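Taking it in order: structure first as structure tokens, then the write-up.
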Protein chains: 2
Amino acid sequence: MVNYIAHPFYPPDIDLLGYAANTMSIPVLLGVFALATLIIVGFTSAVLKKINPGLSRQDKMLACWFIFSGCIHFIMEGYFVYNHKIMPSRLDLLGQMWKEYAKADSRYMTMEPFVLCMESITAFAWGPLCYLISWMIVANSPYRHPTQMIVSMGQFYGDVLYYTTSIVEEVYHARSYSRPETYYWWGYFVFLNAFWIFIPAFCIYQSYSVMAAMFRQHAVHPGKKSL
Amino acid sequence: MVNYIAHPFYPPDIDLLGYAANTMSIPVLLGVFALATLIIVGFTSAVLKKINPGLSRQDKMLACWFIFSGCIHFIMEGYFVYNHKIMPSRLDLLGQMWKEYAKADSRYMTMEPFVLCMESITAFAWGPLCYLISWMIVANSPYRHPTQMIVSMGQFYGDVLYYTTSIVEEVYHARSYSRPETYYWWGYFVFLNAFWIFIPAFCIYQSYSVMAAMFRQHAVHPGKKSL
């Protein structure tokens, strides 16, 4: 019989060396997250209004999205990647936020290969590129849509694999990474990650349409009919 | 002490219910694969020469790549996804090919969640879309580059995760999915999959350049300077 350190994650038999329980309450952790989101989006909106007042409402929202998304990738997910070996012991603000979230997905506590690889690329490739795209939107850059397509595809595909690997593990191998309470699975795992399905899907659709329209209007078709 | 069924995969302690040893030799399996590749590429080249003799050399090669890639995704990888629950017992040609390859990556024998999810999307999304792109290349479609970007990104990112998850599992969790002989790791795992790193990377670069150039030349920038 092995004695495991008591922790709130699932499955309960995972061994988390050096685990230290959170000291901040859930409302405080969620409150700080919500407040930080509001500040980032509010500040970005204000800056956008100043530097490019002519930006369409949609582009303004997308520029905010890419700044917000860049912060989540680079700061939150970057923190995880940087600390992935010692996550269970972290007691600073971001560490406690991750330990609260990990009740819905313990893979963040165990150096699980897929989550670690996907998060590394998300934090250090998609993260900085998100900031770049929001600048490209403001500057009306010719590189905006091709770059938006790459990054949104990366976010979308990464998130689809993030969801499905967890579901396959549960269905085929009877291992759930999430606590059984509805709140964690639906509130954290499904709801929070759904933004990185729907918004990137919209961005892919937008860039695809704009680029296809551009080719339809301007492409030179030497001796060929276009579709 | 548990008695495992003897099999050639790594790590040796994975339990493969219903495992049946291959009956065809390695040269036969590799020979059939090489021959099928030659037939697909040769046949596609001949058809391309007939239906669009004006196609550039590069586009001809890419159209062949997408047909070949589509066949690998839809037929080989589709076979795996369709049979993922009973792979260790399969003795038909594709089953024996997969069991030979799995000496370099046993995840194909164990319903490992990441490989199963990534392969499902590869087989049934990127597979058919590869055929579509090769038609778009021939028809000089305005949808060619946006579609090529999506599919090549999917292939590239999927393959990066495929490599890195296996390496992380070995480095952090001391579990190797590959037999220790150099031939399997370098010959099958690294070499065969490298095509889906380098060629998609080139396709992304190509589509990115073409689309950015199109925007530089033709985009309307209302009251804004482009970058």
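Some observations on this one:
- Within the range B:186-201, tally of residues that are of a type in the set (Phe, Trp, Tyr), surrounded by 15 or more Cβ atoms within 10 Å (Cβ to Cβ) and without any contact (Cβ under 8 Å) to a residue 60 or more places away in the chain: 1
Let's see how each residue does on (1) farther than 23 Å from A:Tyr172 by Cα; (2) open to solvent by less than 60 Å² (accessible area, probe 1.4 Å); (3) more than 19 Å from the chain's Cα centre (by Cα):
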site	(1), (2), (3)
B:Trp65	yes, yes, no
B:Phe68	yes, yes, no
B:Ile75	yes, no, no
B:Ile86	no, no, yes
B:Ala102	no, yes, no
B:Pro113	no, yes, no
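- B:Ala20 being closer than 23 Å to B:Tyr184 by Cα and open to solvent by less than 50 Å² (accessible area, probe 1.4 Å): yes
- The range B:116-137, residues that are touching a residue at least 24 places away in the same chain (Cβ under 8 Å), among the aliphatic types (A, V, I, L, M) and either within 9 Å of chain A (Cβ to nearest Cβ) or touching a Lys or Arg at 6+ places or on another chain (Cβ under 7 Å) (or both): B:Leu116, B:Met118, B:Ile121, B:Ile133, B:Ile137
- Pairs where the first residue, in the range B:142-156, is open to solvent by 10 Å² or more (accessible area, probe 1.4 Å) and the second is of a type in the set (D, E, K, R), C-beta under 9 Å, 6+ apart: B:Tyr143/A:Arg216
- The residue that is farthest from the other protein chains (Cβ to nearest Cβ), counting only those in the range B:75-115 that are closer than 21 Å to B:Pro11 by Cβ and acidic (Asp, Glu), is B:Glu100.
- Verdict on A:Met149 being modelled with pLDDT under 95 and within 7 Å of another protein chain (Cβ to nearest Cβ): no
- Looking only at residues of the range A:202-217 that are polar (S, T, N, Q) and touching a residue at least 12 places away in the same chain (Cβ under 8 Å), we find that the one that is least open to solvent (accessible area, probe 1.4 Å) is A:Ser207.
- Yes/no for B:His173 being farther than 19 Å from B:Glu119 by Cβ and more than 24 Å from the chain's Cα centre (by Cα): yes
- Within the range B:158-185, restricting attention to residues that are in a helix (DSSP H, G or I) and touching a residue at least 40 places away in the same chain (Cβ under 8 Å), the residue that is farthest from A:Tyr157 (Cα to Cα) is B:Tyr184.
The values are calculated or read from the model by the stated rules, or taken from the named source; none is laboratory data. Bear in mind that the values here come from a model prediction, so they are computed numbers and not experimental data. We place every Cβ from the backbone using ideal geometry, glycine too, and count neighbours over all the protein chains shown. Remember, those area values only see protein heavy atoms, side chains included, never the ligands or the DNA or RNA. Shrake-Rupley method; radii C 1.70, N 1.55, O 1.52, S 1.80 Å.
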